[in-house]
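Report on one structure; see the data block that follows.
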Amino acid sequence: MARDVAEPDIVSTALARNRLGVPSVVFFGVAGAAPLTVVIGAITTIYAVVGNTAVPIVYLVVAGILSIFTVGFVAMSRHIVNSGAFYSYISHGLGRIPGVGAAFVALPAYAMMQIGLFGLFGVVASGVLDGLGFTVGWFACAIVAWLLTAVLGVLWVDLSGKVLAVLLVLEILIVLIYDVVMVANPAEGSVSFATLNPVQVFTPEVAAMMVLAIAGFVGFEATVVLSEEAKDPKKTIARATHWAVILAGLLCGLSAWAMSVGAGPGNIVALANAEETDLVFTLVSPHVPEALVNIGYVLFMTSIFAALLAFHAAVSRYQFALGREGVLPRAWGSTHPRTGAPIVGSITQSLLALGVLVVYRLTGADPLVYLFAWLTVVGGLGVLILMWSASAAVVAFFVRHRHQENVWRGQVSPIIAFVLLSVILAATIYGLGDLLQVEPGSMFHWIFPTGYAICAVAGFIWAVAMRAARPEVYAAIGRGADGGFIADAPRLKGSHTEPISVRAMLNAGAIPEYPPDHDAPPGPPRWETPPEPSRWT
């Protein structure tokens, strides 16, 4: 008997549409930044390692810098809806060749950020279980997290969003409770605002502190990766990205200040050195029930898991965008027909993570130092390179499209962001060896920046090869799901200000619809784009 409705194909080539509202996208962004993990781990580390009490004001300043970057970044998101995010924006702003170079930087950067978090999760979960009387190694705990992440990665994105929502609300709630407890019980008998003194920004150690602090925000920019799955992406992504930066900045700044109040501004550095990641729990435990401290440890673990989910979503969607546009093999442009998840990209990242975890287990390397700290620092450097490049791309894009955004969003804020991020990037590269805590003459001072440069050059070469061998694929780089505009595309006669779409280029004969040595495949045309508007809307 014939079926009235055809069965869905085994794969699709589009992400699930209209799944995520502003709150869900915010949850992905803030979860990537993992505020509880930053409060317990990063803030304590900065106090201890740098030995300066300007940590609260530094987090607020970094939030301000990233807010300025976000202005131009989300302005571009209103014109380009593409899960490739940095790759797509740089393709439109600086050209297709730099765009592919950026993609080749983004893939290892986000992959390392996600994989590194498995090391932290394994260690923290093992400690939590040990406190409950169960002896479980870090590797077993990491494998459980890997399995859950792998499964959720191929299910509905809004399901992952709901999981993140629950975890993040609980995480923020416990952070605020701890902050109130520390402020309500000041070590010096009265609340001190000394660590919020803006004069401290001009101390010599601030550059190093900003490098460490900005790592705590990495993940907020991943909101743009979800643009194709958002409801009304032109508004949703802009609002969600701003909220992700603001929430992460306020939580980190407030918590760093509360810790200085609870320990005392004059004692916070010494106590951070003594207590390390137990500092917050040491400060609150005399004033709250033991159960609330235990809940904090559990939520520390779930905070890391939430970040794992967020970064998995980011890297799998980067792979999807590159596969859909032919930069990676077409299989990577496939999605599950029911869930709309980027199935090949998700499975690839899961298998890569599993392989790395097995290698670390077999070699016996310290998962906290060499898996978590090293991979997340190096991955964070890659994301910082992408932010810096994207700020330049925003400037270039709106120079060519002056009337698409006002002067502040299209020119002033991107230029300021580019200058500030240039300083932070230079300081990060210069001090990378110190961040990794390697010897002065170690090759690890320069090998990772050099590695990113090699990845970028490989992307440049690949793009040039695509332009020569597959011009129709090259022309589509950065176009997104709806055949969006390409900033450096050839212009048709009579067009002076607007780039043209791939469809218009095909109609005009600017590029061949199929390579000269290939016949057109049966079925619908290869390029499916909507009618081209006369202007961006």
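The values are calculated or read from the model by the stated rules, or taken from the named source; none is laboratory data. Just so it is clear, the model here is predicted, and its values are computed rather than measured. Note that each Cβ is placed from the backbone with ideal geometry, even for glycine, and that neighbours are counted across all protein chains shown.
See the values below:
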item: Failed condition for residue 474, given (1) modelled with pLDDT under 90; (2) surrounded by 13 or more Cβ atoms within 10 Å (Cβ to Cβ); result: (1)
item: Search result, residues across region 219-232 that are on the phi > 0 side of the Ramachandran plot and either modelled with pLDDT of 65 or more or among the hydroxyl-bearing types (Ser, Thr, Tyr) (or both); result: 219
item: Region 317-331, residues that are basic (Lys, Arg) and buried (at least 22 other Cβ atoms within 10 Å of the Cβ); result: 317, 324
item: Residue among 103, 145, 111 that is more than 16 Å from residue 310 (Cα to Cα) and part of a helix (DSSP H, G or I); result: 103
item: Any hit, region 332-343, residues being surrounded by fewer than 24 Cβ atoms within 10 Å (Cβ to Cβ) and hydrophobic (A, V, I, L, M, F, W, C); result: yes
item: Residue check for residue 317: farther than 27 Å from residue 479 by Cα, in a helix (DSSP H, G or I), among the charged types (D, E, K, R) and in contact (Cβ under 8 Å) with a residue 60 or more places away in the chain; result: no
item: Residue, nearest to residue 100 (Cα to Cα), within region 309-344, restricted to residues that are modelled with pLDDT of 80 or more and β-branched (Val, Ile, Thr); result: 327
item: Output for region 81-92, where each listed residue is surrounded by 24 or more Cβ atoms within 10 Å (Cβ to Cβ), of a type in the set (A, V, I, L, M, F, W, C) and either more than 15 Å from the chain's Cα centre (by Cα) or at pLDDT 90 or above (or both); result: 90
item: Residue 191 vs. criteria surrounded by fewer than 22 Cβ atoms within 10 Å (Cβ to Cβ), in contact with a His (Cβ under 7 Å, 6 or more places away or on another chain), at pLDDT 90 or above and farther than 24 Å from residue 319 by Cβ; result: no
item: Hits in region 287-312 (condition: in contact (Cβ under 8 Å) with a residue 24 or more places away in the chain and either touching a Lys or Arg at 6+ places or on another chain (Cβ under 6 Å) or part of a loop (DSSP other than H, G, I, E, B) (or both)); result: 287, 288
item: Boolean, residue 313 is aliphatic (A, V, I, L, M), under 25 Å from residue 217 (Cα atoms) and surrounded by 21 or more Cβ atoms within 10 Å (Cβ to Cβ); result: yes
item: Cβ-Cβ under 6 Å pairs, at least 6 apart or on other chains, region 102-121 side free of Cβ contacts under 8 Å to residues at least 40 places away in the same chain, far side acidic (Asp, Glu) and part of a helix (DSSP H, G or I); result: none
item: All positions within region 364-389 that are of a type in the set (S, T, N, Q) and either closer than 30 Å to residue 126 by Cα or in a loop (DSSP other than H, G, I, E, B) (or both); result: 376
item: Any hit, region 434-448, residues being under 19 Å from residue 107 (Cα atoms), assigned to a loop (DSSP other than H, G, I, E, B) and either without any contact (Cβ under 8 Å) to a residue 24 or more places away in the chain or out of contact with any Gly (no Cβ under 8 Å at 6 or more places or on another chain) (or both); result: no
item: Criterion: at pLDDT below 90 and either closer than 30 Å to residue 467 by Cα or surrounded by 17 or more Cβ atoms within 10 Å (Cβ to Cβ) (or both) - qualifying residue of 155, 120; result: 120
item: Close pairs from region 321-348: first on the phi > 0 side of the Ramachandran plot, partner part of a loop (DSSP other than H, G, I, E, B), Cβ under 6 Å, at least 6 apart; result: 340/15; 340/16
item: Pair list, Cβ under 6 Å, 6 or more apart: region 132-143 residue modelled with pLDDT under 95, other residue surrounded by fewer than 16 Cβ atoms within 10 Å (Cβ to Cβ); result: none
item: Extreme residue, farthest from residue 44 (Cα to Cα), among residues of region 239-271 that are among the hydrophobic types (A, V, I, L, M, F, W, C) and surrounded by fewer than 24 Cβ atoms within 10 Å (Cβ to Cβ); result: 243
item: Search result, residues across region 111-140 that are over 19 Å from residue 377 (Cα atoms) and polar (S, T, N, Q); result: 126, 135
item: Failed criterion for residue 95 (all others in (1) under 17 Å from the mean Cα position of the chain (by Cα); (2) surrounded by fewer than 21 Cβ atoms within 10 Å (Cβ to Cβ) hold); result: (1)
item: Within region 195-218, considering residues that are buried (at least 19 other Cβ atoms within 10 Å of the Cβ) and part of a loop (DSSP other than H, G, I, E, B), the one modelled with the highest pLDDT; result: 217
item: Complete set of residues in region 351-373 that are surrounded by 20 or more Cβ atoms within 10 Å (Cβ to Cβ) and farther than 18 Å from residue 109 by Cβ; result: 357, 360, 367
item: Of the criteria (1) surrounded by fewer than 18 Cβ atoms within 10 Å (Cβ to Cβ); (2) out of contact with any Ser or Thr (no Cβ under 8 Å at 6 or more places or on another chain); (3) at pLDDT 50 or above; (4) not aromatic (Phe, Trp, Tyr), which one residue 482 fails; result: (2)
item: From 463, 392, 396, 456, residue being among the hydrophobic types (A, V, I, L, M, F, W, C), in contact with a Lys or Arg (Cβ under 7 Å, 6 or more places away or on another chain) and either part of a helix (DSSP H, G or I) or crowded, with 17+ Cβ neighbours inside 10 Å (or both); result: 463
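Yes/no per residue for (1) at pLDDT below 90; (2) of a type in the set (S, T, N, Q); (3) in contact with a strand residue (DSSP E or B) (Cβ under 9 Å, 6 or more places away or on another chain); (4) farther than 20 Å from residue 212 by Cα:
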residue	(1), (2), (3), (4)
240	yes, no, yes, yes
249	yes, no, no, no
257	no, no, no, no
297	yes, no, no, yes
302	yes, yes, no, yes
307	yes, no, no, no
